[in-house]
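Q: Got a structure for you, written out below as structure tokens; questions coming shortly.
The values are calculated or read from the model by the stated rules, or taken from the named source; none is laboratory data. Being a predicted model, the structure only gives us computed values, none of them experimental. We place every Cβ from the backbone using ideal geometry, glycine too, and count neighbours over all the protein chains shown.
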């Protein structure tokens, strides 16, 4: 028995409904994939932000260490200059001391000569 137009239409409607349901299922599946991708993207962005904060913190620590290192270098340079100046002063004082000893020895020798020649 041939199908009537009504039966054909019902069959078409059923097929369209099946197709619509398949499309809805596919849309739902894709939507869930997008949500999962969005969550993954969100998590990746949060992780990136955390890493950027850590990098910034490490950069600040490095800058502080470099400043401390520069201060230590300046202090060391200043101490070396001070040491050099003190060594120069020490050398000059030794020279003066040696000159005065020599002058004292000469004066003593002259005094002894004067006393010896005076006694003659």
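Q: Out of (1) assigned to a helix (DSSP H, G or I); (2) surrounded by 10 or more Cβ atoms within 10 Å (Cβ to Cβ), what's the single condition that is false for residue 3?
A: (1)
Q: Here is a further query. Does residue 116 meet the test of being modelled with pLDDT of 95 or more, assigned to a helix (DSSP H, G or I) and at negative phi?
A: no
Q: Still on this model: Looking at this structure, is residue 19 under 49 Å from the mean Cα position of the chain (by Cα) and assigned to a helix (DSSP H, G or I)?
A: In short, no.
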